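J.: The structure follows.
Values in this text are rule-based calculations from the coordinates and carry no lab data. Remember, it's a predicted structure, so these values are computed and weren't measured experimentally. Here Cβ is always computed from backbone atoms with ideal geometry, including for glycine, and neighbour counts include all displayed protein chains.
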């Protein structure tokens, strides 16, 4: 019985296992068979999908206008592909191509999956899908973003490229030293028919001063009738102490000498901006430390005598206060009235003998012959109690000679004496005086330095090239851009800049040429100081309506300057872009925003929609550049632009 019971149990177990395993084995068999069939279907579907993808690209290549929104399937049309509306069924497969618009984020230009951004008319989203129902329902798909196959571009970089455009308080200049023939740039200012960096071709006037005195210093200004220069001859036996020179605005070479002063030998000199008074240093008593004379007649009206005596070396007037260096002392004196004896207000001891003083606001900047404090900044907020605010060591161990400070007090330009292998021209960042950039004049012994409109500095002296021009657009990477040594000259003692009301820019130099002591060098474009200006390009006309995609412009933006851009795209009027209506917009398509620099370039996607008459695609394109500065020696510069478009 025990054996029979075991047999029965075993039989029941066998039957139970069979009931479980046999259906599973059968299901696995059929599933394997269907999977093999499904895999075959997938392979076929992928082939259909790839074929459709290639067909869409060929349709795009045949003409962007052939790629419109909707649902399509590919068909062979002659020797190429085209798209036919609706899906198709092939051998049990359903295939379709869905073409749709693409939108991009306003700020970044990235593709976004909604319609809240900007429509990109040069990009389409293409979704290709293939589906089937046997042996199992399934599908394959692929998404691609297609852009216009043809891409064109145009570039503007030369003077001739820019010249058809419209300048408003801006000017088109040549880019000296460029490897591109006729390469140009746009900057603030007007006038200046010469080129700062080619002074040898720009000497437009000379004058033989009376006598044979060696000229010491020069100061210049512009009146309503003439440009005016004042020169001193110093302590030699021949020549006027001070000469007034009137330079015709119409013909710079027409120079007259209407007045002179021979009271005493003169050294440093300064004329106020109103051309009312001239201040100059006389030699030792009984003459005066500073003599004040009428600017028109050079007749004496007042004077200042420093308490410590001695001969002054430089003089400057700011507001109602005069400043003069005598030995190693800076004195201040009252010029509320310029008549009679002027009272001393205060004094401060310098690190060395003062060579040049200039004053802006609450600061006096003094170049000294100290070898460790070539530039000192003096706090003159209280002229009666002046204090040394900062002493700057240029690090070359040489004596300071001259200093020029731009109006915004962002940079000081300092010249020192010369020594082989050492820098002698320095640009000091006054916002952070740890930033000092040094350059070599390569054999010149500097006597004077100025900065002029158009982002240039001029250094003059003796030895080597006597008149040197540096491009100071980027103070930390300034470079020599040109120079000259005038005929018959071995020393240029001083230099002064002049910008007249017509925008003509000059540098006046005084030399040791006994017959041409005074010389005029015509400056380059950028002469007239404009705090703001614009340049509007001439219209670019595409062959047909096109999508303008991106632009990239090379620019320079000094610390006290700003530059921005807007673009305009519109349709032609009667086949012409000249009479078209342009609305200039910024990156968001509105008239109140501007494309701004990132580093030394402005590069951005051109908006596809915009205000007013703006429409992209369009046939006509213009750009407008906005310039501003608060310092005449720092202008933003626009070098070139490249625009890409898709017809």
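J.: Compute the Cα gyration tensor for segment 262-308, then decide on rounded, prolate or oblate, letting a ≥ b ≥ c be the square roots of its eigenvalues: rounded whenever a/c is under 1.5, prolate when a/b is larger than b/c in the other cases, and oblate in all that remain.
T.: prolate
J.: I need the peptides 422-428, 278-284 ranked by packing, meaning the mean over residues of other C-beta atoms within 10 angstrom, with the highest value on top. Working shown, then result.
T.: Details: 422-428: 22.1, 278-284: 25.3.
Descending mean neighbour count gives 278-284, 422-428.
J.: Calculated FRET efficiency, residue 544 and residue 208, Cβ-Cβ r, R0 60 Å, to nearest 0.05?
T.: Calculated value: 0.35.
J.: Moving to a separate point now. Nearest 500 deg cm²/dmol is fine: what mean residue ellipticity at 222 nm does the chain get from its DSSP H runs of n ≥ 4 alone, each adding -39,500 (n - 2.57), divided by its residue count? Each step should come with its number before you reach the end.
T.: Working: 2 runs with 65 residues, N = 647.
That calculation yields -3500 deg cm²/dmol at 222 nm.
J.: Using only the alpha-carbon atoms, what does the chain span along each of its principal axes? Please give whole angstrom values in decreasing order.
T.: Here the Cα extents, ordered largest to smallest, are 150, 82, 43 Å.
J.: With r defined as the distance between the Cβ atoms of residue 440 and residue 166 and R0 fixed at 60 Å, what FRET efficiency is calculated, to the nearest 0.05?
T.: Numbers: r = 41 Å, r/R0 = 0.69.
After rounding to 0.05, the efficiency reads 0.90.
J.: Same structure, new question: I want the antiparallel fraction of DSSP beta bridges within segment 216-375, as a percent rounded to 5.
T.: Given both bridge residues lie in segment 216-375, the antiparallel proportion sits at roughly 95 percent.
J.: Using a Förster radius of 30 Å, what is the FRET efficiency between residue 360 and residue 339 based on their Cβ-Cβ separation? Nearest 0.05, please.
T.: Numbers: r = 26 Å, r/R0 = 0.88.
Once rounded, the FRET efficiency stands at 0.70.
J.: Between residue 474 and residue 349, 0.36 nm times their residue separation minus their Cα-Cα distance comes to what?
T.: Details: separation 125, 0.36 × 125 = 45.00 nm, distance 3.42 nm.
The residue 474-residue 349 span can extend by a further 41.6 nm.
J.: With labels modelled as points extended 7 Å from the Cα through the Cβ direction, what inter-label distance (nm, one decimal) is found for residue 307 paired with residue 80?
T.: About 9.4 nm separates the two model spin labels.
J.: Could you order the peptides 600-611, 628-639 from most to least packed, using the average number of other C-beta atoms within 10 Å per residue?
T.: 628-639, 600-611
J.: Between residue 559 and residue 593, what is 0.36 nm times their sequence separation minus the Cα-Cα distance? Round to one decimal in nm.
T.: Difference between extended and current length: 10.1 nm.
J.: Run a plain Debye calculation on segment 40-147 (Cα atoms as equal point scatterers, no solvent) and give log10 I(q)/I(0) at q = 0.14, 0.16, 0.18, 0.24 Å⁻¹, rounded to two decimals, same order as the q list.
T.: For segment 40-147, the Cα-only Debye profile gives -0.59, -0.73, -0.87, -1.24.
J.: On full extension of the chain, what length is gained from residue 90 through residue 35, given 0.36 nm per residue of separation minus the C-alpha to C-alpha distance?
T.: Gain in length upon complete extension: 17.7 nm.
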